[in-house]
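Notes for the one structure printed next.
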Amino acid sequence: RGLKIQFIIVGVNAEDISTYENYNEIIQFPNNIQFIGKVPQNVVPLYYKSSDFSIIVRENSRKSKAGFPTKFVESMMSGCPVIVNITSDLSAYINDNENGIVLKDFSIDSLTEVLENATRLSSNDIVKMKKQALQTGRKYFYFRNYTESMNEFLKRCYS
């Protein structure tokens, strides 16, 4: 649709997806879809920080309802707003167009619409979202927030 979007995929090489049925379509866009491959865990936040958004799209299944995507936590803690469809209890942490963008459903049409809208956001809007994402991450996912309650729990277990 003529959108200027670049996807940077960390953790997967182009060879890793060579068995996908739409592999030939994907590799036609080497400037728009870059496969970085595996990187050390301490480097991952740098990719989040340099991105306007991360994308987590999960099929609404029993597994995705029961599990929480750790990539959501990584993204928010790095100040990277997430484009996401709601599974598990993500709705407790994401505010549409504040700290990320919520997809209506698990469909390519919904993702396309959101990506089109995201390309129209101003730099200031994205900066605001990034700040909100970081605040959300620090509020809910920063491990030091739970040190005292964990210490109390362990004291009760071992006393």
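The values are calculated or read from the model by the stated rules, or taken from the named source; none is laboratory data. Just so we're clear, the structure is a prediction, and the values are computed from it rather than from any experiment. No Cβ is skipped: glycine too gets one built from the backbone with ideal geometry, and neighbour counts run over all protein chains shown. What goes into the accessible areas is simple: the full protein's heavy atoms, side chains included, and nothing from ligands, DNA or RNA. Shrake-Rupley method; radii C 1.70, N 1.55, O 1.52, S 1.80 Å.
Taking only DSSP H segments of four or more residues, each worth -39500 (n - 2.57), what value at 222 nm results for the chain once the sum is divided by all its residues, to the nearest 500 deg cm²/dmol? Display every interim value, and only then the final one.
Numbers: 7 runs with 65 residues, N = 159.
When only DSSP H runs of four or more count, the value is -11500 deg cm²/dmol.
Might you tell me the accessible area per residue for segment 1-132, computed with a 1.4 Å probe and given in Å²? Working shown, then result.
Working: 8520 Å² over 132 residues.
In whole numbers, segment 1-132 has 65 Å² accessible per residue.
What ranking, highest mean first, results for peptides 110-116, 139-145 when packing means the other Cβ atoms within 10 Å averaged over each residue?
Details: 110-116: 15.6, 139-145: 11.1.
In descending order of packing, they fall as 110-116, 139-145.
Leaving out ligands, DNA and RNA, and with a 1.4 Å probe, what % of the accessible surface on segment 1-143 is carbon or sulfur?
Details: 4630 of 9300 Å².
C and S fraction of accessible area: 50 percent.
Within the set K63/K155; K38/K65; K71/K104; K63/K104; K4/K71, which residue pairs have Cα atoms separated by over 30 Å?
Values: K63/K155 33 Å; K38/K65 27 Å; K71/K104 20 Å; K63/K104 19 Å; K4/K71 24 Å.
Checking Cα-Cα distances, K63/K155 exceed 30 Å.
Projected onto the charge dipole of the chain (+1 at Lys/Arg Cβ, -1 at Asp/Glu Cβ, origin at the Cα centre), which of S159, T119, Y142 gives the Cα projection farthest towards the positive end?
Farthest along the dipole direction, towards plus: S159.
Sticking with the crude label model, points 7 Å out along Cα→Cβ, report the distance from E98 to N151 in nm, one decimal please.
3.2 nm
Can you give me the C-alpha center-to-center distance between segment 40-64 and segment 71-115, rounded to a whole angstrom?
10 Å
With only Lys, Arg, Asp and Glu charged, each at its Cβ (+1 for the first two, -1 for the last two), find how big the charge dipole of segment 39-154 is about the Cα centre; round to the nearest 20 debye.
Values: 14 positive and 13 negative charges, 56 e Å.
With Lys and Arg at +1 and Asp and Glu at -1, about 260 debye.
If you average 1/r over every pair of different alpha-carbon atoms in the chain and take one over that average, what Kirkwood value in Å do you get?
On the way: mean 1/r = 0.0576 Å⁻¹.
Roughly 17.4 Å, rounded to one decimal.
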